[in-house]
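Enquirer: Handing you this structure, nothing more for now.
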Amino acid sequence: MKHSYPTLYLFNNVFFPQTIIPLTLSDKTSIELLRNCHEKDQNFVLYHPSEREKKVGTLGKIIAIEKQDDGSITALVQGLARVKLISQEQHLPYPLFLCEDLFDINNEVTFLDNSIERLHHVLASWLNRHVSSVKERERFMKDLNKPQKLINYLCMFMIKDNELKEILLENTSLPERIRLLDALLKGKSPDTEDQDMGMAIKSFERMELNPNQKNAV
């Protein structure tokens, strides 16, 4: 199904469904977008602009908003679903894109139980190092009731390379995303992705996007 949504560019990060992030924005265009969406209870798309052809973003909903003393706006945004950006319909006062839903085509992951369990422990170890509150850590881990949510938070928290994040966001196979993260997050308690594996995945992805180059190898 296709819908038109206001679109906010995230230049330094990639946002994932089923996650929650705080946004602090100070430019006039972004503030106007957030205020209008909050007043109208309207969802909007957060998109990391790059040269990738697929142009996939995440539909978000504002769950809290606050004006700061310096005039900036801080909003807490919940990721709802992936969408593909098709065409830009409006430039001012902020971008408006026609988007369509992007669903997983394969959710069968029972044969990956060992990988899911390992990744669950990897995220728990990361939280132990970075979140001081025991209650907050326990509450967070208890809320990870689906593999998709676990995978999305691993992508948000532990993958630093934005191109890798985009590859993971665009991938419509949950088992494949699990395998990619299992390969990227090596060891019992990594803090980020393995750089050599990350380069290999990005190189393969670039070849897949350029069939002429692939056939010439």
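Enquirer: Would you kindly derive the ³J(HN,Hα) couplings of the range 103-119 from the backbone phi angles with the Karplus curve 6.51 cos²θ - 1.76 cosθ + 1.60 (θ = phi - 60°), listing them in order in whole Hz, with x for Gly and Pro?
Expert: Working through the residues one at a time gives 9, 5, 9, 8, 10, 6, 10, 4, 7, 10, 4, 5, 5, 5, 4, 5, 5 Hz.
Enquirer: Right, next: Setting aside same-chain residues fewer than 8 positions from K202, which lysines have a Cα under 25 Å from its Cα?
Expert: Leaving aside lysines fewer than 8 places away in the same chain, those within reach of K202 are K54, K55, K84, K149, K160, K165, K186, K188, K214.
Enquirer: Provide, in order from the shortest bin, the percent of all Cα-Cα pairs of the chain in each 5 Å bin, continuing until the bin that contains the maximum pair distance.
Expert: Pair shares across the bins are 1, 6, 14, 17, 18, 16, 13, 9, 4, 1, 0, 0.
Enquirer: Okay, next question. Summarise the long-distance tail of P(r) for the range 126-217 by giving the % of C-alpha pairs beyond 23 Å. Show your work: numbers first, answer last.
Expert: Working: 1324 of 4186 pairs.
Roughly 32 percent, rounded to a whole number.
Enquirer: In whole angstrom, how long is each semi-axis of the equivalent ellipsoid of the range 45-158, when you take the square root of 5 times every eigenvalue of its Cα gyration tensor and sort them from largest down? List each step's numbers first, then the result.
Expert: Working: eigenvalues 180, 106, 25 Å².
Result for the range 45-158: semi-axes of 30, 23, 11 Å.
Enquirer: For the range 2-101, state the average projected area of the convex hull of the C-alpha atoms over all orientations, rounded to one decimal in nm².
Expert: On the way: hull surface 24.0 nm².
So the mean shadow area of the Cα hull is 6.0 nm².
Enquirer: Dipole magnitude of the range 2-101 about its Cα centre, charges +1 at Lys/Arg Cβ and -1 at Asp/Glu Cβ only, in debye to the nearest 20? Before the final figure, lay out the partial values.
Expert: Values: 11 positive and 12 negative charges, 63 e Å.
My answer is approximately 300 debye.
Enquirer: While we're here: For the range 110-210, with only Lys/Arg (+1) and Asp/Glu (-1) charged at the beta-carbon, what is the dipole magnitude about the Cα centre, in debye rounded to 20? Walk me through the intermediate numbers first.
Expert: Values: 16 positive and 17 negative charges, 96 e Å.
With only Lys, Arg, Asp and Glu charged at Cβ, the dipole is about 460 debye.
Enquirer: Could you name the lysines in cross-link range of K28, using Cα to Cα under 19 Å and dropping any fewer than eight places away on the same chain?
Expert: Those lysines meeting the cut-off are K40, K67.
Enquirer: Taking H as built 1.01 Å from N, whose amide H comes closer than 5 Å to the amide H of S4, not counting residues under 5 places away?
Expert: Amide H neighbours of S4: C99.
Enquirer: Right, here's the next one. From the residues L168, F140, I105, which one has its Cα farthest along the dipole of the range 104-168 in the positive direction, the dipole being from +1 and -1 charges on Cβ of Lys/Arg and Asp/Glu about the Cα centre?
Expert: The listed residue farthest towards the positive side: F140.
Enquirer: Ok, one more. Considering only DSSP states other than H, G, I, E and B, which GluC sites (Glu not before Pro) in the range 1-78 qualify as loop sites with at most 16 other Cβ atoms within 10 Å? Let's see the in-between values first.
Expert: Numbers: sites: E32, E39, E51, E53, E66; in loops: E51, E53.
Passing sites in the range 1-78 are E51, E53.
Enquirer: Quick one: dipole size for the chain, taken about the Cα centre, charges +1 on Lys/Arg Cβ and -1 on Asp/Glu Cβ, in debye to the nearest 20. All intermediate terms of the calculation are to be shown ahead of the outcome.
Expert: Values: 28 positive and 31 negative charges, 55 e Å.
Value, rounded to 20: 260 debye.
The numbers here are math on the coordinates, done by the rules we state, and not lab data. Keep in mind the model is a prediction, meaning the values are calculated, not measured. All Cβ positions, even for glycine, are placed from backbone atoms using ideal geometry, and neighbour counts span all protein chains on display.
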